Structure formats: C-alpha cells, structure tokens
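Right, one structure below, let's go through it.
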Amino acid sequence: MSTVAVMPQHQADPEVQSSLQQRVNDIIDSVMASLPDLHQLTHEERRGIIARYAAVLEGNFIYWMTAALLPVQSEDARPHLLENLHEEVRDAHPAMLRRFALAAHAFPTDQDALAVHEDMTRVRLFFGRLSAVQSLLTMAFFEGFIQRFMVYLAALAAAGGSTEMEYTDVHGVCDIAHTDGLFRALFSEMAVNPLGEGEDLFEGVALLRNLIETIIFARVNGRRV
Ligand SMILES: [Fe+2]
C-alpha cells in the first residue's frame, strides 16, 4: 500500500483532537471506577479476572496492533505502530504475560477462554475490517486502559501471593508513551484517510469495552463479581 505525506493544512482541529482524547479518557475512567473492590473478591474471582485478561491479551494484542497497522496510509502514523510492535516482539511480551498468569496460578482454563469467546470474536471481526482510523482509536483506548489497569492487575496477583510483577511493572510505565504515540498516529491518519460518512468512530472502542467488562465481570459460579 502506498503511503501519503500529511499535509499540515489537513491536520485535524486541536480542539477535535483534545475532545477525542478526553472522551477516551472518560471511558477509561468509567471502567476503572467500576472495578470491584479487591477485598470483596474471593480467591476464585481474583483468579478469574487474571485468567480472562491473559486469555484475551496473550494471543490478541500483537495481532490487533498489526491489524491497526495494515490499513494505515499516513507515513507519519506508521513509526508509532512499528515501534510498539518491535518492543512487543523483541521483549516477548506474550511470554511475560504468561509468566505473570502462571505465577498467579491463573493460567486460563477452557472455561476462562470460553467466557470471553463471543466478545473477543466480535473484536477480532471488527479489526478484520481493516478500518484504519477506527482501529487506531481502539488501540489508543486499549493502551490507555492497560496502563491504568496494571496497578489493579498486580494487586489481584499479589493478593493471591504472587511476587512475579514484571508484566505489570513494564506495562504500567511504557504504555504511557505508547498511548500518546497512538493518538498522534490517529490524528495523522485522520488527516489523510478520514472515516467515511455515517461510520461510528467509536465502534471498536465500544466492542473492546464490552470485552474488557467481560474480563472483569464474567459470572463466577452464577453471580456477577
Ligand atoms: Fe506489551
């Protein structure tokens, strides 16, 4: 696919940019505010959240970041995505996440994988449409959420006695820069390859939010945690 240089006169209005970022931050704030009190959770409920998180993230993060890269036309957007993918692969983040889950005795079971199956499939099919701007916004939301969620995820593991925290330590820090880079990539892409009339910019964000809520709130033994 050919790439197109961003023309400055086509850059999105800074007010539009900051309102988009604010809307994503508000969604993340809302998800964070809804997290169940750690001290009210049973061991199995804590284990389930870690396991469902691992079931989704281990096999999908690099896949979805790649899906966001493939349709991008702005040459300014590509470096942010490539840098992120480079780090994921070079530092073997899926292996890091698996170590975290294993150490927390929360390696996903078939039931954990099935609990997220339907919502995860919807997100996979969304990324399969290769819609650049929608996918970039979805990944910016994902990175921002992950960074904010790390303290809670680490606390879930620590409550179960685990001390393996490399995954949560690494992602609580590096994803701040990644989120910022993804927003810059999004704004570059919006300037050269805008979303079509009638398309919902937040479609992927909504689907991913549903999936994240299933990770957190899946019914355990018949009740929502
Ligand atoms: Fe990562």
Result row for the chain, helices from DSSP H with C-alpha axial extent 30 Å or more and mean Kyte hydropathy at least -1.0, is 43-69, 132-159, 166-192
The convex hull of the Cα atoms of the chain, divided by residue count, gives a volume in Å³ per residue of 116 Å³
Candidate cut points under GluC sites (Glu not before Pro) in region 75-159, DSSP loop plus at most 14 other Cβ atoms within 10 Å of their own Cβ, are E75
In nanometres, the difference between 0.36 nm per residue of separation and the alpha-carbon distance of S30 and A113 is 27.4 nm
In debye to the nearest 20, the charge dipole size for the chain, taken about the Cα centre with +1 at each Lys and Arg Cβ and -1 at each Asp and Glu Cβ, equals 620 debye
Spelling it out for S74: with amide H atoms placed in the peptide plane at 1.01 Å from N, the residues 5 or more places away or on another chain with amide H under 5 Å from its amide H are V4
Whole-Hz Karplus couplings 3J(HN,Hα) for region 193-198, θ = phi - 60° and coefficients 6.51, -1.76, 1.60, Gly and Pro as x, run 9, x, 5, x, 4, x
One finds, for H43 and E83 with R0 = 41 angstrom and r their Cβ-Cβ distance, a FRET efficiency to the nearest 0.05 of 0.60
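Bear in mind that the values in this text are calculations on the coordinates, not laboratory data. This structure is a prediction, so every number in the text was calculated from the model and none was measured. Don't worry about glycine lacking a Cβ; one is built from the backbone with ideal geometry, like all the others, and counts go over all protein chains shown.
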